[in-house]
Each structure stands twice: as structure tokens, then as C-alpha cells.
Amino acid sequence: MSNATPLADRQAVHARSLADPDGFWLEAATRLDWMTAPSRAGDWSFDRDDFHIRWFEDGVLNVAANCIDRHLATRGDQVAILWEGDDPTTAPRHITYAELHREVSRFANVLKGLGAGKGDRITLYMPMIPEAAFAMLACARIGAVHSVVFAGFSAEALAGRIADCDSRIVITADQGRRGGRTIALKACVDEALAIARAVDHVLVVRATGAEVPMTAGRDIWYHEAALNVAADCPPEPMAAEDPLFILYTSGSTGKPKGVVHSTGGYLLWAAMTHATVFDYTAPDVYWCAADIGWVTGHSYIVYGPLANGATTLMYEGVPNWPTPARIWEVVDRHRVTTLYTAPTALRALMKEGDAYVTGTSRASLKLLGSVGEPINPEAWRWYHDVVGGGRCPVMDTWWQTETGGHMITPLPGTPAKPGSASLPFHGVDPRLLDAEGRELDGAAEGNLVIAASWPGQMRGLWGDPARFFDAYFSLYPGVYTTGDGARRDADGYWWITGRVDDVINVSGHRMGTAEVESALVLHADVAEAAVVGFPHDVKGQGIYAYVTLNAGVAADETLRAALRDWVRREIGPIATPDAIQFAPGLPKTRSGKIMRRILRKIAEGDTASLGDTSTLADPGVVKALLSESQARV
Ligand code: WTA
């Protein structure tokens, strides 16, 4: 590694960052290009009476200018976005920083022509093509707030997200491509807009060239609109605290939460963590194999790497199509130096055997990253030994949509412990609390909270300040509650043990159990539903649904299949239950609260230790559940 940070050095920097946050962060902020440099760093309080979070408040900047314009003089001809198509025979696209400047400016001018400006919300429902990044950066350039919705979400889910932030413009494509199939994106937007009507325009990027119906007066082809605009658009000066984007994520209650990130603090966090954790040095080719529909794609495909002037690879497809060697072939084809992916992908590829990996060179790789869920030591070793040939350090990065970027992570040079995300990044102050909120010292296990604000912290939930405080700061006063459990070992290394709330992690995607339950109970035959996670050897966690049917409805295989389809249609394929158990009744306390602990145990197959069932309103319910628990679909 060119810039490995020895353990003692990283610990010294960390200590300074906590001892003198103002000095540390004002200095760190100079890595960005400010129109007006900030004079203050953090100004925050997590207390209910004085709750506020602000960073670099008097600073003025533009995110697109930081990700594009400032690189033009030094690396205008360097590739900014390197695109690899789904089909391996498709020619890759190489977009230089100079081209990116023209493309994003044009896109920005098209949006302006549609009346969009500072503060307006714009929803993106896009495939993994460079135009998705152009659209995000174009919003940032004019100060509009983008809300990217993962293109695997259903029309229902899309409609809810469009309506929640009152987007008047939706940007989509005719179709997307993934794993040899096409995805009807425009058709899905049409369906969503039949529900969420208040949209003025749909801007459609031509991706596959498929014929799609266009609604006159509402729908506009991007390539036609782009003919009539200038290739230059001055970046809008934005206050550091102006919102940059909204990203919906699952919480422990039914409705997805619109996480809001800021302009200055977020960009600094994405850029600094990308540079430090991945040790980016030109002309490295850096590949984050996430989707732009998730926070990982925002921070580590688009904003972090481009702010650092990197070459960021954007891949349209899936790791294992047309063969399980594809991901490694892409590494060889583009001489990728850094690969950042999720444990679920590694576990799926690992199952196919080593030959798909060892048949490729991978000599270009220097560093590997992991994100999205705990990486089990077996997958860690396979990644390190087989994929990286033992040469490449593995960065197991723990963070969340809410944190904007990496929070607990190795840096190159941090001694590895497979399965541990290791140590807090600069400025991050993690603590462990027991269930009563008492702080635990030394080696211990408990609830992971963060005691001090950091620049990349989310600034709110769109349109719902009260829910923001309640969801993250009310359970344990004075700290940010992550919703994760963790263990700290005797060396001070952190081991994330998984969610402690009603959120499950399916293939590295967050899913609220309440969201799946709400979808199920919308079905006419369903009286009640309870959803829990259970261990799944590839997905990490699978979705296990207990469903109580209305009286007189036959509990058969046809209905089971229909309910699975129903959830896919309501939310999207990622929410498809792995198991549906028909349950005559659910275990409840006398006050009517569902005892999820018992449901989790049954779903895990751990029926020997159901624990105390004496507080159940009807203990007979558990017996019935046990006798029918062999019903995975
Ligand atoms: C989990 C994804 C263990 C965790 C960036 C967190 C992890 C949730 C790791 C956030 C990791 C993410 N080790 N667990 N390295 N990375 N998680 O918002 O439970 O989609 O709370 O953000 O994923 O998921 P989200």
C-alpha cells in the first residue's frame, strides 16, 4: 500500500479528532473546494431541548463543482466514469472528467428548462448507466434535492416515495438491463404515476431503445431535450447545510424513512473516507459493485470517488452473469485495483467453487472492501486468500444510510481480525450501552451508540423532524442509537453482531419487518401477519412470515404463492418472503403485543429454548405454531 497508516498513527489521529473536533474538521474541510470557506465546524446537541446538528454552517459550496469542475485543469482527460454493460459483448463507455462536465451541465440545463431549481425534489428511478450519475450530479449542480429509488422497487413503493417528498419531476429510462433480462422501468413509472398523480414531468433516458408509451405534455425524451440546451451551466452556490439528497430506507415502523443528507458535511465525509479507507491514488481503477439506489452507490460510486478525482467503475449487471466468473473478468478487463462488494455476493460466488476465480488473473487488485452486513470469517478468508491471493488487505466497513459513510472500519495498515470491522474512523465516538442505557466499559457486548456528531451524519427525516428525534435519539438520551448490537474485545476492536431492532438484513439490503407485514395485511385473505428474520447461508438473513388468514380461507400452496407475489408487487422482489407459515394465531402478551422473540426462535428452528412463555395470553398458540413450522416455501 502506498499510504498505509500504522495502527499507532491512526489511533493518534483518532484521539486528536475527538480532543479538538473544531481544529480537526476545519483542517479536514480544506480537502473540498469552497466558494466561501467555513469558519466553524460542528454545532450540535443531541438533547431533546436543544436538538440540532449543523456542520460548517457558514460555508458555501457546490457538490457537482467539487466532483467535476475542480478536476478539469489537472485531469480533464482522465476517465471519471468507466461503464461496463450487463452484456459482456457491449462496448464499455469511458467518460472523462471533461465529458462529465458537459454531460452534467446539459442535464442540469434540461432540468432547469423543466422549471426545476434550488430545493426542488426530483425522483430518480434509473438503471445502472452513466446517465444515472449525470442526473444525480445535475440535481446537485442546480441545488435540487434528488431522491434515488432503487430500480428493483415496485410501482407501489415508487409511488409512495414520489408522494412523500412531493417530487414534481421523475427521471427514468425506457428499460434497464440486469443479468440478461430487461426491466420495464418506464412502464413501472407510468403505473406509479397512476397512483401518485401530482408529477409535472417524466424525463426518459433512452437506454435500450425499446418502444415505450409517452404521455403527451408530461413525458419528455432526454436525448431530444438535450439538443436544445447549452453545454455549460454554472454551479449553484449552496449553503453547507442545504440538503443534497433524500434516500428512503427501512425502519422498524411501517413507512420507509426519507433520510436527508447535507451538502458540505456529507460530501466531506464521503470524500475523506473514500480517500483514507480505500487509499485511492490515481490512476487506480476503483470499483464499488453496489447499485446507485442504495447509500453505498451514492457515497462510493458517485460522490466520494468523484470528489477525489478517481476513476470509478459503474457496472450495469450482476456479479454472476453470464457465469460466476463475470465479476473477476470485469476486474481483469479494466485492471481494477480496488473492489468493494457485499458478503452476500461473496458467499454466493464462493458456493460456485474456486475455479471461476482462479481462472482469472486479478493481478491488478490491491485492496478489497466489504459492506452491508457482518462478513463471516469464512467469507472473509475466501475473499482475502482466494480472491486477493493473500496480497490485498480487506476493509470491512461498518456504516449505515444514516451515517453517510464509513464509521467503523480498518484502514490500510490496521492489523486484521476477520469478522471485525476493527476501529472507529476519525471523529467517530462509538460506545456500548446495556438495555437500561448504562455505559459498558472494556470488553463487553451491548447496544452500539455514537456519542458525538460527525460531519456525514444525516440531518433529518424528510418532512418529519419529530420522527427523526424519536427514531434515533430518544431511546438512550444524548447519543445517536444505531439499531445495531456490537461487541468490543480486549484490544478495543468492534464486532458488529447485527440489528437489535425490527429491521432485518437480507442480502445486505435493509428491510423493515413492519413493511412486509403491512404489505401482507393489505391482501384480502390475510387477517394478521408477523415477520421475522432467520439465518440464511447466502442472504445472511431470510424473511420468515407468519400469516393468520381470515375465517374460511383455505391455507394452501396456491395462496402461499399468491402471497409471495403480492409482497413482490407491493414492495419489490427483495422483500419476497423465503418462508410463509400459516398460523391459526400469533403468540401475544396479555396486552396484545406480539412476542417476536418466540417467533424468531421458531423461524430459526431453535425450538428447544423458547424461554419463558408464561406471559402469553394463550400458551396453546405456540404448540400449534411448532407443529406447523416445517412450512418453508
Ligand atoms: C449492517 C449500508 C456488519 C448494519 C451501508 C447496519 C453491517 C445496516 C456492515 C445498514 C458491516 C452494514 N458489518 N454490519 N461491515 N455494514 N451493516 O443503511 O446492520 O443499507 O445497521 O447501509 O447494515 O444498512 P444500510
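When Gly404 is tested against (1) more than 13 Å from the ligand (Cβ to nearest atom); (2) touching a Gly at 6+ places or on another chain (Cβ under 7 Å), just one condition goes unmet, and that condition is (1). In the stretch 502-516, the residues that are in a loop (DSSP other than H, G, I, E, B) reach residues that are within 12 Å of the ligand (Cβ to nearest atom) and of a type in the set (Val, Ile, Thr) with C-beta atoms within less than 6 angstrom, at least six apart or across chains, in these pairs: Ser507/Thr344; Gly508/Thr344. If the condition is being within 12 Å of the ligand (Cβ to nearest atom) and over 16 Å from Asn320 (Cβ atoms), then the stretch 340-368 contributes only Tyr340.
Of these, Ser364, Ser420, which one is touching a strand residue (DSSP E or B) at 6+ places or on another chain (Cβ under 7 Å) and polar (S, T, N, Q)? Write out each step before concluding.
Values: Ser364 fails: touching a strand residue (DSSP E or B) at 6+ places or on another chain (Cβ under 7 Å).
So the residue among Ser364, Ser420 that is touching a strand residue (DSSP E or B) at 6+ places or on another chain (Cβ under 7 Å) and polar (S, T, N, Q) is Ser420.
Against the list (1) buried (at least 22 other Cβ atoms within 10 Å of the Cβ); (2) touching an Asp or Glu at 6+ places or on another chain (Cβ under 7 Å); (3) farther than 30 Å from Leu7 by Cβ, the condition Thr338 fails is (3).
Checking the conditions here, which among Ala421, Ala435, Ala444 is in the same structural domain as Arg161 (by the TED database), farther than 24 Å from Arg596 by Cα and more than 22 Å from the chain's Cα centre (by Cα)?
Details: Ala421 fails: more than 22 Å from the chain's Cα centre (by Cα); Ala435 fails: farther than 24 Å from Arg596 by Cα.
The conditions single out Ala444.
Restricting attention to the stretch 517-538, the residues being buried (at least 22 other Cβ atoms within 10 Å of the Cβ), hydrophobic (A, V, I, L, M, F, W, C) and within 30 Å of Pro377 (Cβ to Cβ) number 2.
Yes or no: the stretch 485-499 includes at least one residue that is of a type in the set (Ser, Thr, Tyr) and over 30 Å from Gly265 (Cβ atoms).
Narrowing the stretch 485-499 to residues of a type in the set (Ser, Thr, Tyr): 493, 497.
Still in the running and over 30 Å from Gly265 (Cβ atoms): none.
So far as the stretch 485-499 goes, no, none of its residues is of a type in the set (Ser, Thr, Tyr) and over 30 Å from Gly265 (Cβ atoms).
Screening Ala325 against (1) within 20 Å of Ser507 (Cβ to Cβ); (2) outside the structural domain of Cys139 (by the TED database); (3) among the aliphatic types (A, V, I, L, M) leaves a single unmet condition, (1).
Can you find even one residue in the stretch 425-432 that is surrounded by fewer than 19 Cβ atoms within 10 Å (Cβ to Cβ), more than 16 Å from the ligand (Cβ to nearest atom) and closer than 30 Å to Thr338 by Cα? Yes, that holds for at least one residue. Yes or no: the stretch 440-452 includes at least one residue that is closer than 28 Å to Arg40 by Cα, buried (at least 18 other Cβ atoms within 10 Å of the Cβ), within 13 Å of the ligand (Cβ to nearest atom) and in contact (Cβ under 8 Å) with a residue 40 or more places away in the chain. Within the stretch 440-452, one or more residues are closer than 28 Å to Arg40 by Cα, buried (at least 18 other Cβ atoms within 10 Å of the Cβ), within 13 Å of the ligand (Cβ to nearest atom) and in contact (Cβ under 8 Å) with a residue 40 or more places away in the chain. Checking every residue in the stretch 235-247 against the condition of being under 24 Å from Leu423 (Cβ atoms) and within 16 Å of the ligand (Cβ to nearest atom) gives zero matches.
Scanning the stretch 293-314 for residues that are surrounded by 24 or more Cβ atoms within 10 Å (Cβ to Cβ), within 13 Å of the ligand (Cβ to nearest atom) and under 23 Å from Arg75 (Cβ atoms) gives His298, Ser299, Tyr300, Ile301, Gly304.
Taking residues in the stretch 385-413 that are over 16 Å from Cys288 (Cβ atoms) and without any contact (Cβ under 8 Å) to a residue 12 or more places away in the chain, and partners anywhere that are more than 8 Å from the ligand (Cβ to nearest atom) and not hydrophobic (A, V, I, L, M, F, W, C), the pairs with Cβ atoms closer than 7 Å and at least 6 places apart or on different chains are Gly390/His384. Filtered by the rule that a residue be surrounded by 21 or more Cβ atoms within 10 Å (Cβ to Cβ) and near the ligand (Cβ under 10 Å from one of its atoms), the stretch 411-421 gives Ser420, Ala421.
Under the condition of being in a helix (DSSP H, G or I) and without any contact (Cβ under 8 Å) to a residue 40 or more places away in the chain, which residue from the stretch 453-498 is nearest to the ligand (Cβ to nearest atom)?
First, the residues of the stretch 453-498 that are in a helix (DSSP H, G or I): 465-473.
This time we only want the ones that are without any contact (Cβ under 8 Å) to a residue 40 or more places away in the chain, so: 465-466, 468, 470.
Values: Pro465: 20, Ala466: 21, Phe468: 15, Asp470: 18 Å.
It comes out as Phe468.
Of the residues that sit in the stretch 369-383 and are within 11 Å of the ligand (Cβ to nearest atom) and in contact (Cβ under 8 Å) with a residue 40 or more places away in the chain, which one is farthest from Trp399 (Cα to Cα)?
Taking the stretch 369-383 first, the residues within 11 Å of the ligand (Cβ to nearest atom) are 369-376, 380.
So of that shortlist, the ones also in contact (Cβ under 8 Å) with a residue 40 or more places away in the chain come out as 369, 371-376.
Values: Gly369: 13, Val371: 8, Gly372: 8, Glu373: 9, Pro374: 11, Ile375: 13, Asn376: 17 Å.
That would be Asn376.
Out of all the residues in the stretch 280-287, is one or more closer than 21 Å to Asp396 by Cα, aliphatic (A, V, I, L, M) and at pLDDT 95 or above? Within the stretch 280-287 (the criterion being closer than 21 Å to Asp396 by Cα, aliphatic (A, V, I, L, M) and at pLDDT 95 or above), the answer is yes, since at least one residue qualifies. Please go through the stretch 196-232 and give me each residue that is in contact (Cβ under 8 Å) with a residue 40 or more places away in the chain and not charged (D, E, K, R), ordered by number. Result: His201, Leu203, Val205, Ala207, Ile220, Tyr222, Ala225, Ala226, Asn228, Val229, Ala230, Ala231.
Residues that are acidic (Asp, Glu) and within 30 Å of Val336 (Cα to Cα) number at least 1 in the following strands (runs of 3 or more DSSP E) confined to the stretch 15-113: 79-84. Among the conditions (1) within 18 Å of Asp441 (Cα to Cα); (2) in contact with a strand residue (DSSP E or B) (Cβ under 6 Å, 6 or more places away or on another chain), the only one that Arg499 does not satisfy is (1). Within the stretch 609-627, if we keep just the residues that are loosely packed, with under 11 Cβ neighbours inside 10 Å and touching a Lys or Arg at 6+ places or on another chain (Cβ under 9 Å), the residue that is nearest to Arg597 (Cα to Cα) turns out to be Gly611. Scoring Ala561 on the criteria (1) outside any loop (DSSP other than H, G, I, E, B); (2) crowded, with 22+ Cβ neighbours inside 10 Å; (3) in contact (Cβ under 8 Å) with a residue 60 or more places away in the chain; (4) not polar (S, T, N, Q) leaves a single failure, condition (2).
The values are calculated or read from the model by the stated rules, or taken from the named source; none is laboratory data. Worth saying up front: this structure is predicted, and the values here are computed from it rather than measured. Glycine also receives a Cβ, built like all others from the backbone with ideal geometry; neighbour counts cover every protein chain displayed.
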